[in-house]
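Following: one structure in structure tokens, then a few remarks.
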Amino acid sequence: NAGVMQNPRHLVRRRGQEARLRCSPMKGHSHVYWYRQLPEEGLKFMVYLQKENIIDESGMPKERFSAEFPKEGPSILRIQQVVRGDSAAYFCASSLGPPRGPNQPQHFGDGTRLSIL
Amino acid sequence: TQLLEQSPQFLSIQEGENLTVYCNSSSVFSSLQWYRQEPGEGPVLLVTVVTGGEVKKLKRLTFQFGDARKDSSLHITAAQTGDTGLYLCAGGSNDYKLSFGAGTTVTVRA
């Protein structure tokens, strides 16, 4: 399967711990996006990254959340000192090139379900 | 924040019937996408519409983009049990910052 790969699929953390979510984009894709989905709500944009650059993080909380997409390896969404309200499904998407226009669709992974005890 | 409202929230029909789901906004979008999401999986792109008034067909699915590019509809003809799923619309003025609706859960009964 050459699609967007996210791991782990399920992650359980206690309040105050750190959560690290990984996303490997589709082969050849250098643009990555993270979204959060709460129960019965739509997906909410968090951050858009290209290799080694954060392009837009306007949807990401200013505290405790960070994202990176290094030159080598997967993109990482990191949540420090998790709280109950962080429980959600986190989805990563990737696109082939600059996301302008309909010919650069975003392809989604199957998400990481984060549960905070 | 651009708000997309989808209706109905839930829809249950018998196999063979037709259905329509709607996606409405007060904002204009440069493009609008429809996705289908199965439980435990990520959204899968069905179609992208970009021109006001555009109609696209994908087998038994017909997608329409409103003339003013503020709304869209998805019509399924002769629904099958395999059409069961969560249908999401998403639009953006910046194409990467997609704004998603909350979705319509479609259940097709055998």
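Key figures
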| read-out | value |
| --- | --- |
| Index of the failed condition, residue B:41 passing every other in (1) surrounded by 13 or more Cβ atoms within 10 Å (Cβ to Cβ); (2) farther than 30 Å from residue A:6 by Cα | (2) |
| Residue that is surrounded by the fewest Cβ atoms within 10 Å (Cβ to Cβ), among those in the stretch B:1-29 that are within 13 Å of chain A (Cβ to nearest Cβ) and of a type in the set (Phe, Trp, Tyr) | B:10 |
| Unmet requirement for residue A:83, which otherwise passes all of (1) away from every other protein chain (no Cβ under 14 Å); (2) within 15 Å of the chain's Cα centre (by Cα) | (2) |
| Residue in the stretch B:59-73 that is buried (at least 18 other Cβ atoms within 10 Å of the Cβ), part of a loop (DSSP other than H, G, I, E, B), of a type in the set (Gly, Ala, Ser) and in contact with a Gly (Cβ under 7 Å, 6 or more places away or on another chain) present | yes |
| Residues of the stretch B:30-58 satisfying the condition of being under 13 Å from residue A:110 (Cβ atoms), in a loop (DSSP other than H, G, I, E, B) and facing chain A (nearest Cβ under 9 Å) | B:40, B:41, B:42, B:43 |
| In the stretch A:26-57, the residues that are within 29 Å of residue B:105 (Cβ to Cβ) and more than 7 Å from chain B (Cβ to nearest Cβ) | A:26, A:32, A:34, A:35, A:36, A:37, A:38, A:39, A:44, A:46, A:47 |
| Matching residues in the stretch B:15-53 - criterion: being over 12 Å from the mean Cα position of the chain (by Cα), among the charged types (D, E, K, R) and at pLDDT 95 or above | B:15, B:17 |
| Identity of the residue in the stretch A:1-26, exposed (fewer than 14 other Cβ atoms within 10 Å of the Cβ) and modelled with pLDDT under 95, that ends up farthest from residue A:47 (Cα to Cα) | A:1 |
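The values are calculated or read from the model by the stated rules, or taken from the named source; none is laboratory data. Here the structure is a predicted model, which means the values were calculated and not measured. Note that each Cβ is placed from the backbone with ideal geometry, even for glycine, and that neighbours are counted across all protein chains shown.
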